[in-house]
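The values are calculated or read from the model by the stated rules, or taken from the named source; none is laboratory data. Everything numeric here is computed off the predicted structure, so don't read it as measured data. Reconstructed Cβ throughout: ideal geometry from the backbone, glycine too, with neighbour counts over all protein chains shown. Side chains included, ligands, DNA and RNA excluded: accessible areas come from the protein's heavy atoms. Shrake-Rupley method; radii C 1.70, N 1.55, O 1.52, S 1.80 Å.
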Amino acid sequence: DPHFWWMSAMAGLWLVFMAIVFGVEPLLHEQFEKMARSAPFDTLRRIAIAHGLLLALAAVTVFGAVTGAHGMG
């Protein structure tokens, strides 16, 4: 049902979050650490951009879930 798009968005966002926390970060921790030591400003900028993107996706998903749960979606 297209009215429940936010449910798929929530599940997808959680899958991305779980993949990053339990998959990507542990596997690439040493590379991230080396990158942070060699270019701390660039690394922090990349992390901030990634967090901003995920935060924007989460905000859209939460907005859709709230409106959908109240029958407006």
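So here's what we get for this one:
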item: Every residue from region 35-73 that is among the β-branched types (Val, Ile, Thr) and either more than 30 Å from Asp1 (Cα to Cα) or touching a His at 6+ places or on another chain (Cβ under 9 Å) (or both); result: Thr43, Ile47, Ile49
item: Flag for Gly52 being within 13 Å of the chain's Cα centre (by Cα) and part of a helix (DSSP H, G or I); result: yes
item: Among residues of region 1-43, those that are outside any helix (DSSP H, G or I) and exposed (fewer than 10 other Cβ atoms within 10 Å of the Cβ), counted; result: 1
item: Selection within region 50-66 - open to solvent by less than 50 Å² (accessible area, probe 1.4 Å) and in contact (Cβ under 8 Å) with a residue 24 or more places away in the chain; result: Ala58, Thr61, Gly64, Ala65
